[in-house]
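Encoded as structure tokens, the structure appears first; notes follow it.
The values are calculated or read from the model by the stated rules, or taken from the named source; none is laboratory data. These numbers come from a predicted model, not from an experiment. Heads up, the Cβs are rebuilt from the backbone with ideal geometry, glycines too, and the neighbour counts pull from every protein chain shown. Please note that ligands, DNA and RNA were not included when accessible areas were found on the heavy atoms of the full protein model with its side chains. Shrake-Rupley method; radii C 1.70, N 1.55, O 1.52, S 1.80 Å.
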Amino acid sequence: MIFGNIKDYESGFAWLPQPLKTVIEHLKQTDFQALPVGNYDLQGKDIYVQVFDMTTKPFAETRPEVHRQYADVQFSVSGCEQIGVASDDGSNTVAEDLLAERDLLFYSGVENESMLTMTPGSFAVFLPSDVHRPGVALGAPKQVRKVVVKVRVSLLAGA
């Protein structure tokens, strides 16, 4: 997992592999408040962008998830949320397997989960080895606008 703020990109993230640099540059240059909710291709199905509005939920109403074919770059546009994160050590119980249809696997729970606080400008990169639980309310549930950029993992393998 990689965590940072878009404003620190120039000084602290020059080492990122090129596909992630492409994503961060896109996040910096795009006015996501003005874009309608929806999906947008950045590099076909290798890198694509999902813009959505959501209401955060209490921790108990969220589910930890992983992806195998894509890394997630989650970016906070407005509002605050927490995202749980843990290592996918192979001991988690599968609650719902949607890998074939949507590259999505939900776990019923995870051990040793830590919480990230996402504020506007924050981004987090979740690799297939990173369990993440997005959309957790920081206090009371609130509206957030966020972006999730999907990056095909095979692009990172040779980077």
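Under the convention that each Lys and Arg Cβ holds +1 and each Asp and Glu Cβ holds -1, the size of the dipole of the stretch 56-159 around its Cα centre is about 500 debye. Only one item in (1) 14.9; (2) 18.0; (3) 15.9 matches Kirkwood radius over Cα pairs in Å derived from the coordinates shown, and that item is (3). Taken over the stretch 6-142, lysine pairs spaced eight or more positions apart, or on distinct chains, with alpha carbons under 22 Å apart number 5.
When the helices in the chain are scored as -39500 (n - 2.57) per DSSP H run of 4 or longer and the sum is shared across all residues, what 222 nm value do you end up with, to the nearest 500 deg cm²/dmol? Can you show the working numbers first?
Numbers: 4 runs with 25 residues, N = 159.
Taken over the chain, the calculation gives -3500 deg cm²/dmol.
Residues in the stretch 9-49 average 58 Å² of solvent-accessible surface per residue, probe 1.4 Å, ligands and nucleic acids excluded.
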